[in-house]
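J.: Please see the structure below; I have some questions.
The values are calculated or read from the model by the stated rules, or taken from the named source; none is laboratory data. Predicted, not measured: the structure shown is a model, and the values here were computed from it. A quick note on method: Cβ atoms are made from the backbone with ideal geometry, for glycine too, and the neighbour counts reach across all protein chains shown. These area figures cover heavy atoms from the full protein model, side chains too; ligands, DNA and RNA do not enter into them. Shrake-Rupley method; radii C 1.70, N 1.55, O 1.52, S 1.80 Å.
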Amino acid sequence: MDAREMKIKAAAAALEHVRDGMRLGIGTGSTAEEFVRLLAEKVSAGLRVEGVPTSERTARLCVELGVPLKSLDELPELDLTIDGADEVDGRLRLIKGGGGALLREKIVAAASQRMIVIADESKVVDTLGRFPLPVEINPFGQAATLIAIEKTASRLGLSGELKMRASGDGLFKTDGGHFIVDASFGRIPDAEALARELNSIPGVVEHGLFINLATLAIIAGPAGARVLE
Ligand code: 5RP
């Protein structure tokens, strides 16, 4: 089974949790896009759902495939969000933001009763941190914010390269007009403490540590899909 087939398998298993009439948060990334494709087939066969997309990219795909969309302001309470992840540990803590949509993804997940993560086995880790942690920052005072992130991490015994995410010949900009710093701290033994400390830096808009948000993860591997909960 190749990587795409595993993503489709996880997405198909998640689709089984979707019921008629649900208000759905719809994630971002290649795995979430497989979910959108499968969801669109169900919608064209009569399933009624309303989706809130977590990025402009996901919104475009939903519109193209005929998945009905609403804004989060129109539907501020959601039944279920289905999204991918860059890492997931055994306690359903995640690193997200590889696709640059972490802020909207976190707002949408927090507005949902449940969040199902869809991923392949390569995303499962014992300790978060192999994947560089995306941190979304305000463009104003970015140098000062980088220094604050570095000092905060160092107080927690973490260090590593902080790299501004690039796109084309400039800096990557999120849908909200912010920058992303990818922080290669390595193993993060206390994700809760790092999450708390990053949130206290004024220039940090949000970070990619998702804690107490996922309620279930569907992990696809060569032998099939398994569930973490
Ligand atoms: C986007 C994300 C994605 O869910 C994450 O990067 C996983 O993407 P993929 O399914 O393409 O591996 O957090 O901000």
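J.: Taking Ile149, is it in contact with a Pro (Cβ under 6 Å, 6 or more places away or on another chain), of a type in the set (A, V, I, L, M) and open to solvent by less than 30 Å² (accessible area, probe 1.4 Å)?
T.: Values: in contact with a Pro (Cβ under 6 Å, 6 or more places away or on another chain): no; of a type in the set (A, V, I, L, M): yes; open to solvent by less than 30 Å² (accessible area, probe 1.4 Å): yes.
For Ile149, the condition - in contact with a Pro (Cβ under 6 Å, 6 or more places away or on another chain), of a type in the set (A, V, I, L, M) and open to solvent by less than 30 Å² (accessible area, probe 1.4 Å) - is not met.
J.: Go through the range 13-37 and report how many residues are within 14 Å of the ligand (Cβ to nearest atom) and open to solvent by 30 Å² or more (accessible area, probe 1.4 Å).
T.: Here the count works out to 3.
J.: Something else: Just one of (1) of a type in the set (S, T, N, Q); (2) surrounded by fewer than 22 Cβ atoms within 10 Å (Cβ to Cβ); (3) closer than 29 Å to Asp2 by Cβ trips up Ser71, so point out which.
T.: The one condition Ser71 does not meet is (3).
J.: Answer with yes or no whether Ala217 is open to solvent by less than 10 Å² (accessible area, probe 1.4 Å) and modelled with pLDDT of 95 or more.
T.: yes
J.: Take the residues in the range 169-202 that are within 16 Å of the chain's Cα centre (by Cα) and charged (D, E, K, R); name whichever of them is most open to solvent (accessible area, probe 1.4 Å).
T.: That would be Asp175.
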